[in-house]
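In what follows, a single structure is set out as structure tokens and then discussed.
The values are calculated or read from the model by the stated rules, or taken from the named source; none is laboratory data. All of these numbers come straight from a predicted model, not from anything done at the bench. For neighbour counting, all protein chains shown are included, and Cβ atoms are generated from backbone atoms with ideal geometry for every residue, glycine included.
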Amino acid sequence: MKKIIALALTLIMVFALAASASAADSGSVYWLNFKPELDEAAQQLASMYTEETGVPVKVVTAASGTYSQTLTSEMDKSSAPTLFVIGNQAGVKEWGEFAMDLTDTPIANELNTDAYNLYDEDGRLVSIGYCFECYGIIVNPDLIEAAGHSMDELVNFEGLKAVAEDIHARADELGFDAFSSSDMDSSSSWRFTGHMANLEYYYEERDAGGWTECPPELTGAYMENFKNLYDLCINNSLTDPADLATGGHDAENEFKTGKAAFFVNGSWEYAAVSEAVPNATMIPYYCGVEGEEKAGLNCGTENCWAINDTVSDADKQATMDFMVWLVTDPEASQIMVDQLGVLPYKQVPESTNGFLAAANEYAANGHYVMDWATNYQPNVDDYRAALVSALNAYNADQSDANWELVKTAFVDGWAVQYQAANG
């Protein structure tokens, strides 16, 4: 009997070791997710994949505005992310050496365009776009109509200003205001220091015939246009500008619950707001530039996947397999499309994102696309932090002197951070 028990225990140990070795051979995935709004879906996808394949998938989502710091911290750990984001050329400089060359890999072969891929100076494909996005001003057409206006008025800054100021002046009577809150805390400030700032960069870039790399300095030629739109947002809103510094106002919920007609944000918000506001649409950053009646939305991406080249071959293969599954499995790819909009892959379903449909409609009607020149921001965290500080001073006291501080942070700050990043 003892011999039988001993033999049984030995067999159990052999099978356990074999299973352990098999699990180790299959590798595992650690996805450091860039997009907070994708977290719930990413966790669901991780569970689905593990249940289907047995491969462990861990998802950690960085808090809004903290991805760079989180990535730096996580990459120093022994169990570093196997899948992470390199979203712009500054990121390529900082993290490209850690990224696997994705040229001719299974995930690269699933792409239907090269437009969103990022390469290092040696021509290595270090990261690939996983979704295409747009941003601008989200609008509730029902509230525009309830205020006695029409969407046809929203074709330039003059029209937007007239509608927004009228709604704000009658907010008590109407039961809603023009703009939702424009908080300057880390969960919200990027909408202005990153996204809205793009209108200034884009028009400078257009004047220069296009940028192919980060320019060492800005002219600030369109700062007044940035001011036009920024002032309109903060002065025709649910929240007093002096109360924006500390944050705590839920701009998304303000829009979803019908408290505001306008919400500065992007296509990633469609899934969140469309259930409450089914006919929500998006208009461009109208700011008083000549000919802006032909402006379209800000379109591009900073959502680009990279595989950590420093992890084991098994983990790299597991990560590659997981990425391919995300964009080829019918159920998984549908979840991705529902959350992210347009994915540049051959086998994914068509998008049902209304904001991306608006972007396509503008383009189809001959409107120019405002590309994401904001991706060139040098030393991005320090640059934006200085801009937040200046905007907070201006929000508290909208004096000419304080606006000069904003211009200094915006324009001179670019040159300072370019030198810090490039020497």
**Tally of residues being part of a helix (DSSP H, G or I) and surrounded by fewer than 20 Cβ atoms within 10 Å (Cβ to Cβ) across the range 291-306** = 2
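Each row is one residue, and each column tells you yes or no for (1) in contact (Cβ under 8 Å) with a residue 40 or more places away in the chain; (2) assigned by TED's automatic domain parsing to the domain that holds Met336; (3) touching a strand residue (DSSP E or B) at 6+ places or on another chain (Cβ under 8 Å).
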| site | (1), (2), (3) |
| --- | --- |
| Asp185 | yes, no, no |
| Phe192 | yes, no, yes |
| Glu224 | yes, no, no |
| Asn253 | no, no, no |
| Thr257 | no, no, no |
| Phe262 | yes, no, yes |
| Ala276 | no, no, no |
**Prompt:** Within the range 164-200, how many residues are within 21 Å of the chain's Cα centre (by Cα) and among the basic types (Lys, Arg)?
**Reply:** 1
**Every residue from the range 98-147 that is farther than 30 Å from Phe263 by Cβ and either aromatic (Phe, Trp, Tyr) or assigned by TED's automatic domain parsing to the domain that holds Ala280 (or both)** = Phe98, Tyr119
**Message:** The conditions are (1) within 30 Å of Leu232 (Cα to Cα); (2) not in a loop (DSSP other than H, G, I, E, B), and Gly288 fails exactly one of them. Which is it?
**Reply:** (2)
**Fill in**
Residue count, the range 288-316, condition closer than 20 Å to Val163 by Cα and under 22 Å from the mean Cα position of the chain (by Cα), comes to 3
**Item:** Residue within the range 396-417 that is under 24 Å from Leu229 (Cβ atoms), assigned to a helix (DSSP H, G or I), without any contact (Cβ under 8 Å) to a residue 12 or more places away in the chain and not acidic (Asp, Glu) present
**Value:** yes
**Message:** Being touching a Cys at 6+ places or on another chain (Cβ under 9 Å), crowded, with 17+ Cβ neighbours inside 10 Å and over 30 Å from Ala46 (Cβ atoms) is the requirement here; does Met370 meet it?
**Reply:** yes
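Can you pull out every residue in the range 61-78 that is of a type in the set (Gly, Ala, Ser) and without any contact (Cβ under 8 Å) to a residue 40 or more places away in the chain?
Within the range 61-78, Ala62, Ser73, Ser78 qualify.
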**Message:** What's the number of the only condition in (1) out of contact with any strand residue (DSSP E or B) (no Cβ under 6 Å at 6 or more places or on another chain); (2) within 29 Å of Glu153 (Cβ to Cβ); (3) of a type outside the set (A, V, I, L, M) that Gly209 fails to meet?
**Reply:** (2)
**Item:** Only listed residue being farther than 19 Å from Ala409 by Cβ, in contact with a Gly (Cβ under 7 Å, 6 or more places away or on another chain) and either at pLDDT below 95 or in a helix (DSSP H, G or I) (or both), chosen from Glu213, Glu173, Glu133, Glu205
**Value:** Glu133
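If you check Ala314 against the conditions, is it of a type in the set (Gly, Ala, Ser), farther than 21 Å from Phe84 by Cβ and surrounded by fewer than 19 Cβ atoms within 10 Å (Cβ to Cβ)?
Judged against the criteria, Ala314 is not a match.
Do you know which residues across the range 30-77 are basic (Lys, Arg) and more than 13 Å from the chain's Cα centre (by Cα)?
Lys58, Lys77, listed by residue number.
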**Prompt:** Filter the range 44-55 for residues that are of a type in the set (A, V, I, L, M) and in a helix (DSSP H, G or I); which is surrounded by the fewest Cβ atoms within 10 Å (Cβ to Cβ)?
**Reply:** Met48
**Message:** Here's a check for you: in the range 56-69, which residue that is modelled with pLDDT of 95 or more and surrounded by fewer than 22 Cβ atoms within 10 Å (Cβ to Cβ) is farthest from Trp305 (Cα to Cα)?
**Reply:** Pro56
**Prompt:** How many residues does the range 324-355 hold that are part of a helix (DSSP H, G or I) and of a type in the set (Gly, Ala, Ser)?
**Reply:** 3
**Fill in**
Scanning the range 380-417 residue by residue, those surrounded by 18 or more Cβ atoms within 10 Å (Cβ to Cβ) and modelled with pLDDT under 95 turn out to be Val380
**Request:** For the range 249-261, enumerate the residues that are in contact with a helix residue (DSSP H, G or I) (Cβ under 9 Å, 6 or more places away or on another chain) and part of a helix (DSSP H, G or I).
**Result:** Ala251, Glu252, Phe255, Lys256
**Matching residues in the range 109-130 - criterion: being of a type in the set (Gly, Ala, Ser) and part of a strand (DSSP E or B)** = Ser127, Gly129
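Conditions tested, residue by residue: (1) of a type in the set (Val, Ile, Thr); (2) at pLDDT 95 or above; (3) farther than 20 Å from Trp403 by Cβ; (4) out of contact with any helix residue (DSSP H, G or I) (no Cβ under 7 Å at 6 or more places or on another chain).
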| residue | (1), (2), (3), (4) |
| --- | --- |
| Thr219 | yes, yes, no, no |
| Cys233 | no, yes, no, yes |
| Asn236 | no, yes, no, no |
| Pro241 | no, yes, no, no |
| Gly247 | no, no, yes, yes |
| Phe263 | no, yes, yes, no |
| Val277 | yes, yes, yes, no |
| Ile283 | yes, yes, yes, yes |
| Glu290 | no, yes, yes, yes |
**Request:** Could you pull out the residue among Asp382, Asp371 that is without any contact (Cβ under 8 Å) to a residue 60 or more places away in the chain and either under 16 Å from Glu302 (Cβ atoms) or over 15 Å from the mean Cα position of the chain (by Cα) (or both)?
**Result:** Asp382
